[in-house]
Amino acid sequence: MTPAPGGPGPPGDTGVAFAGAVLTGGRSSRMGRDKATVPVEGVPMAARVAEALRLAGAEPVLAVGGDRPALEALGLTWVADRHPGEGPLGGILSAFAAVGPDALVAIVATDLPDLDASVVQALVAGLGAHDVAVAGGEQPEPLCGVWRVSACAAAATAAFAQGERAVHRAMAALDRVVVPVPVQHLRNVNHPDDLGR
């Protein structure tokens, strides 16, 4: 794991083509309802994350898994989670399959509603020749990263097939770089109490 220099810059064109994926297939058991559609400042979390990806330059932006009608009603392009109930690593593999083997893809959990386009752009810029760039606040956030599918798919698929479900452990075989970003952009909303933080 290599620390990356610098932090996020102003929003703008990264000059690099990349796709975006919001992981929307979680069970949301601690929230008590589908996190993807929970509003933060009046906007559903999945829509907030998708908009940050779009503003950063991601094309296309996909919602992976979850409630298809509800997500499409938000204007999101839905793709199936090929591994429902198997955690975010299954969603990441589904995103890889949806965008194709030659893509770069920014993959973000739906419960990071304060994501900013500048964070995504910093990850794209920080990726360089690495396999995956993840955001680092107080600690690395594996569910906010940019992945090089050609370098990551085989190792992640093998880890998943061997029973691994933790994304940070599935990254162990990859060349990962941590890009420092302002911690306020990585607030995780898992529980109704988190909405007031």
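Could you pull out the GluC sites (Glu not before Pro) across region 78-183 that fall in loop regions by DSSP (anything but H, G, I, E, B) with no more than 12 other Cβ atoms inside 10 Å?
Values: sites: GLU86, GLU138, GLU164; in loops: GLU86, GLU138, GLU164.
Hits after loop and neighbour filter: GLU138.
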ARG187's amide H: which non-local residues (gap 5+, or another chain) put their own amide H closer than 5 Å, with H modeled 1.01 Å from N in plane and none for Pro or chain starts?
-> ASP114
Taking only the alpha-carbon atoms of region 81-164, what semi-axes of the equivalent ellipsoid follow from 5 times the gyration tensor eigenvalues under a square root, in whole Å, largest first?
-> 20, 15, 12
Hand me the trypsin sites (Lys or Arg not before Pro) from region 14-111 located in a DSSP loop with no more than 14 other Cβ atoms within 10 Å, in residue order please.
-> ARG27, ARG30, ARG33
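Might you tell me the accessible area per residue for region 82-140, computed with a 1.4 Å probe and given in Å²?
Details: 1940 Å² over 59 residues.
Using a 1.4 Å probe on heavy atoms only, each residue of region 82-140 averages 33 Å².
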Give a residue-ordered list of calculated ³J(HN,Hα) values for region 64-75 (Karplus: 6.51 cos²θ - 1.76 cosθ + 1.60, θ = phi - 60°; whole Hz; x for Gly, Pro).
-> 9, x, x, 7, 4, x, 5, 6, 5, 5, 7, x
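The values are calculated or read from the model by the stated rules, or taken from the named source; none is laboratory data. Since the model is a prediction, treat every value here as computed from it, not as a measurement. Because the Cβ atoms are built from the backbone with ideal geometry, glycine has one as well, and the counts that use them run over all protein chains shown. Ligands, DNA and RNA are stripped out before the accessible areas are found, and what is left, the full protein with its side chains, is counted by its heavy atoms. Shrake-Rupley method; radii C 1.70, N 1.55, O 1.52, S 1.80 Å.
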